[in-house]
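The values are calculated or read from the model by the stated rules, or taken from the named source; none is laboratory data. Given the structure is predicted, the values throughout are model-derived calculations rather than measurements. Because the Cβ atoms are built from the backbone with ideal geometry, glycine has one as well, and the counts that use them run over all protein chains shown.
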Amino acid sequence: MTKPMNKIEKLIAELCPNGVEFKELAEVVELEKGKQLNKELLSEDGKYPAYNGGISYSGFTNSYNYDENTIIISQGGASAGFVNFVTKKFYANAHCYVVLPNQKVVKNKFVYHYLKLNQEKLTEKQHGAGIPALKTTEILKLKIPIPPLPIQQEIVKILDTFTELEAELEAELEAELEARKKQYEYYRDQLLTPIEVNGKWLLNGKEVEWKTLGEVCTVYSGGTPSREKYEYWEGGTIKWLGSTVCQNQKTVHEITNYITDLGLKNSSAKLMRKETTLIALVGATIGKVAFLPFEAAINQNIAGIYPVDISTLNPSYLFYTCKMLYNYFIGLGQGKLAMANLSFVRGLKIPIPPLAEQERIVAILDKFDALVNDLTAGLPAELNARRKQYEYYRNKLLTFKPLEKEYAKQ
């Protein structure tokens, strides 16, 4: 007994058993370029998105030059070649190509899915030494299969379903991640915020002492070995970190660079022990923290903080309390580049309950941290699996046998 053919296979057997014709896109679409939009016409109150490339819109305007359900391709910049499908009326700016299919021959969405299949080829065709750009000829000379319209329509239906499922999955996972983060932050704030009762400060019913970081911790910053000294960097094996590693996570995901023993010895870079809390002192990450899962050297833009006595201050508890100090660092900005020094850090106060309570708090927050991070890691994996499934079917559905007469020409 033969395996039943699906609907598309039946349509192909019925409507194009000998293969399909391939045509250059130039034969079946019009390719237009968007028009420059004066920045003064952009406004937050505008009705229509203005696309200045294929990926996202640059603002809103009260006029539009193309209707909804239109294919666009980014013409310039790093995104040149990116293919998008705009479902609302919009303004196509100067860096947009607009693709207008002859719908008597090819369905609009069929062309979109085929261009999406060839997006990587288009991005590889970027040219120009300065700002990359994509020539119209690179788009128009692409060859597209032209199966009968009923087949195109069925393919579009299947691929649109995959796209919708992917979008739904992404929204669900992101909503769950956001809910877990809010739950985690709520319990963290509850566990780490003391209250004053009858002149005493209590944390979860346990009396606490307020101590400055300078009283109970060693607080150091590091440095950067001279970039002019080849021997300080080349072949280095010592992990060296900059402030961008501080992302409010209880780990360090990326190593900024590696330095040699000589680089460490002949610079103010300092080697921090495992379980040191790092706080960024400057820039976009100021006040954000990280927790070292290994030994590493740090540069001058990080404070490394470690308890003087771990029998009274748990290193992980220190990390979580330092995470609560973020607002103090943000307050340093006052409209300028925010920057903190070690004196400021050493003067910050933290509540210190008995060690057993610290350990209880750490156990709870570590579990929440693991739950949030597991989902954060799992979200890209889930989406990637769904995208690969979509790409597999897209490739399969958009692969056709050329007409037999074309074989004869070869």
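Meeting the requirement of 1 or more residues that are among the hydrophobic types (A, V, I, L, M, F, W, C) and in contact (Cβ under 8 Å) with a residue 24 or more places away in the chain, the strands (runs of 3 or more DSSP E) wholly within the stretch 38-126 are 48-51, 70-74, 83-86, 96-101. If you check 185, 168 for being over 26 Å from residue 250 (Cβ atoms), under 26 Å from the mean Cα position of the chain (by Cα) and charged (D, E, K, R), only one passes: 168.
Where strands (runs of 3 or more DSSP E) fall entirely within the stretch 200-317, those with at least 3 residues that are crowded, with 21+ Cβ neighbours inside 10 Å are at 277-280, 289-291, 296-298, 302-307. Taking every residue in the stretch 283-298 that is touching a residue at least 60 places away in the same chain (Cβ under 8 Å) and pairing it with any residue that is assigned to a strand (DSSP E or B) and β-branched (Val, Ile, Thr), at least 6 positions away or on another chain, the pairs with Cβ-Cβ distances below 9 Å are 297/238; 297/259. Across the stretch 89-107, the number of residues qualifying as at pLDDT 95 or above and among the polar types (S, T, N, Q) comes to 1. Residue selection: residue 86 satisfies the criterion of being farther than 30 Å from residue 402 by Cα and of a type in the set (Val, Ile, Thr).
Return yes or no: is residue 41 in the same structural domain as residue 133 (by TED's automatic domain parsing), crowded, with 20+ Cβ neighbours inside 10 Å and of a type outside the set (Gly, Ala, Ser)? Judged against the criteria, residue 41 is not a match.
Matching residues to (1) at pLDDT 95 or above; (2) in contact with a Leu (Cβ under 6 Å, 6 or more places away or on another chain); (3) under 21 Å from residue 288 (Cα atoms); (4) not assigned by TED's automatic domain parsing to the domain that holds residue 220:
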{"residue": "348", "(1), (2), (3), (4)": "yes, yes, yes, no"}
{"residue": "366", "(1), (2), (3), (4)": "no, no, yes, yes"}
{"residue": "369", "(1), (2), (3), (4)": "no, no, yes, yes"}
{"residue": "374", "(1), (2), (3), (4)": "no, no, yes, yes"}
{"residue": "379", "(1), (2), (3), (4)": "no, yes, no, yes"}
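So, of the residues in the stretch 54-71 that are aromatic (Phe, Trp, Tyr) and under 26 Å from the mean Cα position of the chain (by Cα), which turns out to be modelled with the lowest pLDDT?
57
Among the residues of the stretch 168-192, just one is polar (S, T, N, Q) and in contact (Cβ under 8 Å) with a residue 40 or more places away in the chain, namely 183. For the stretch 126-138, the condition holds for no residue, the condition being that it is more than 30 Å from residue 61 (Cβ to Cβ), crowded, with 21+ Cβ neighbours inside 10 Å and not β-branched (Val, Ile, Thr). Taking the stretch 44-65, which residues are crowded, with 16+ Cβ neighbours inside 10 Å and farther than 19 Å from residue 79 by Cβ? Scanning the stretch 44-65 gives 46, 48, 60, 61, 64, 65. In summary, residue 149 fulfils each of the numbered conditions (1) surrounded by fewer than 13 Cβ atoms within 10 Å (Cβ to Cβ); (2) under 30 Å from residue 13 (Cβ atoms) with the single exception of condition (1). Residues of the stretch 318-346 being part of a loop (DSSP other than H, G, I, E, B) and at pLDDT 90 or above, which ones? The answer is 324, 325, 340, 341.
Within the stretch 204-226, the only residue that satisfies the criterion of being within 9 Å of residue 349 (Cα to Cα) and within 35 Å of the chain's Cα centre (by Cα) is 213. Where residues in the stretch 386-405 are hydroxyl-bearing (Ser, Thr, Tyr) and touching a Leu at 6+ places or on another chain (Cβ under 8 Å), which of them is surrounded by the fewest Cβ atoms within 10 Å (Cβ to Cβ)? Per the stated criteria, the residue is 393. Look at residue 97 and say whether it is in contact with a Gly (Cβ under 8 Å, 6 or more places away or on another chain) and of a type in the set (Ser, Thr, Tyr). Answer is yes for this residue.
Within the stretch 76-92, is even one residue surrounded by 13 or more Cβ atoms within 10 Å (Cβ to Cβ), of a type in the set (Val, Ile, Thr) and either in contact with a Phe, Trp or Tyr (Cβ under 8 Å, 6 or more places away or on another chain) or more than 28 Å from residue 13 (Cβ to Cβ) (or both)? Yes, there is a match, as at least one residue in the stretch 76-92 is surrounded by 13 or more Cβ atoms within 10 Å (Cβ to Cβ), of a type in the set (Val, Ile, Thr) and either in contact with a Phe, Trp or Tyr (Cβ under 8 Å, 6 or more places away or on another chain) or more than 28 Å from residue 13 (Cβ to Cβ) (or both).
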